[in-house]
Amino acid sequence: MTTTTSTATSVVSFERVSKSYGDVRAVADLSLELHPGETVALLGPNGAGKSSTLDLLLGLRKADAGAVRLFGTTPEQAIKDGRVGAMLQSGGLMEEVKVRELVKLACDLHPRPHPVEEVLDRAGIAQIADRLVNKLSGGQEQRVRFALATAGANDLIVLDEPTTGMDVTARQAFWATMREQAQQGRTVLFATHYLEEADAIADRVLVLHKGRLLADGTASEIKAKAGARRIAFDLEGAIDEGVLRELPFLAGLDISGRTVRLQSTDADATVHAVYGLGLYPRNLEVAGLGLEQAFVAITEAEEARTA
């Protein structure tokens, strides 16, 4: 699992932070640290507390208990110092202004601004710089939000579902830019529903569930934490689902046509039992869970534990 250093060297520090909205506890006794140069994915099902965590980190909400620190100070002070850039889903862009004018305004307001043309090029919007903001597509709007988040020399970049609406090419270009930011020592924190992005991009994955930190580690460590492996094979003839559900160590079953896909906490024993049933699986494959399957397994296990 990811190791931690002292709070003095932390980019972000949550110390037993809680936040409730009426009877709903959005963040529950959350403690975590982020460090310079990390690219961190924040995952969780709807209602897990991701947005509330980001709101607390950015000083948009106040914690009911605990302390949130950025660079050893308050979120408000860190933002005032120009150390934080944010790209959020909520909030609209100014309309009836040109893209270049909006980006220039963000640069002018930043304590440590980058040149406007550099910001436009980095975000891949130089070619639409003279277009009105209200004439942009959804993906183009996302790239403008990214430009605003990186208008200055921030040390922490916070991204909430940043590639929503982008096509594949734009998403690849976006993450290439984010890798460059991390290589320059900046910390990148992003919340996403695209788990393949977290798997491919993040150095570290945080899984939230009902406001609690359920898992923290590399994508490989999160997959291992699920404690299951994937088994896939084809069967000829009729498939008896009831018989398959009695296989030992079974954690999941899906049948699609002639293809059977299993999840097992002991793949060797499960495969042995398949042959013991007199079945003859063809095209047999055994592999570790992908991040998406591991994420589902971990959160479902927690739901069952707390039910």
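The values are calculated or read from the model by the stated rules, or taken from the named source; none is laboratory data. The structure presented is a predicted model; accordingly, all values stated were derived computationally and were not measured. Note that each Cβ is placed from the backbone with ideal geometry, even for glycine, and that neighbours are counted across all protein chains shown. Calculation scope for accessible area: heavy atoms of the full protein, side chains included, ligands and nucleic acids excluded. Shrake-Rupley method; radii C 1.70, N 1.55, O 1.52, S 1.80 Å.
Calculated from DSSP H runs of 4 or more alone, at -39500 (n - 2.57) each and per residue, what is the 222 nm mean residue ellipticity of the chain, nearest 500? Write down the numbers at each step before the final one.
Values: 11 runs with 106 residues, N = 307.
When only DSSP H runs of four or more count, the value is -10000 deg cm²/dmol.
Which stretch or stretches of region 189-214 have amide N atoms under 20 Å from the point lying 7 Å from Asp23's Cα along the Cα→Cβ direction?
Flagged as within label range: 210-212.
List nothing, just return the count: lysine pairs in the chain, 8 or more apart or interchain, with Cα separation under 19 Å.
The number of close lysine pairs in the chain is 11.
For the chain, what relative contact order do you get, as a whole percent, if you take Cα pairs closer than 8 Å and at least 6 residues apart?
Reported as a whole number, the value is 19 percent.
Which whole-number value in Å² is the accessible area per residue of the chain, probe 1.4 Å? Can you show the working numbers first?
Values: 14980 Å² over 307 residues.
That works out to 49 Å² per residue.
Classify the chain: rounded, prolate or oblate, from the alpha-carbon gyration tensor (a ≥ b ≥ c, eigenvalue square roots; a/c under 1.5 rounded; otherwise prolate if a/b is larger than b/c)? It would help to have the intermediate numbers written out before the result.
On the way: a/c = 2.58, a/b = 1.75, b/c = 1.47.
Prolate, because a/c is 1.5 or more and a/b exceeds b/c.
How are the C-alpha pair distances of region 2-109 spread across 5 Å bins, as whole percents from the shortest bin up?
P(r) over region 2-109, rounded to whole percents: 2, 10, 18, 21, 19, 13, 9, 6, 2, 0.
What is the set of long-range amide H partners of Ala26 at a cut-off below 5 Å, with H atoms built 1.01 Å from backbone N?
HN-HN under 5 Å from Ala26: Lys19, Ser20, Tyr21.
Starting from the amide H of Thr39, placed 1.01 Å from N in the peptide plane, find each other amide H under 5 Å away whose residue is 5 or more places distant or on another chain.
Val188, Asp203, Arg204
Is the shape of region 204-307 rounded, prolate or oblate, going by the alpha carbon gyration tensor and its root eigenvalues a ≥ b ≥ c, with a/c under 1.5 for rounded and a/b larger than b/c for prolate? Please list the in-between numbers first.
Working: a/c = 2.63, a/b = 2.10, b/c = 1.25.
Prolate, since a/c reaches 1.5 and a/b exceeds b/c.
Taking a ≥ b ≥ c as the square roots of the eigenvalues of the Cα gyration tensor of region 43-94, is the shape rounded (a/c under 1.5), prolate (a/b larger than b/c) or oblate? Don't skip to the end; give the middle numbers.
Working: a/c = 2.12, a/b = 1.14, b/c = 1.86.
The shape class here is oblate.
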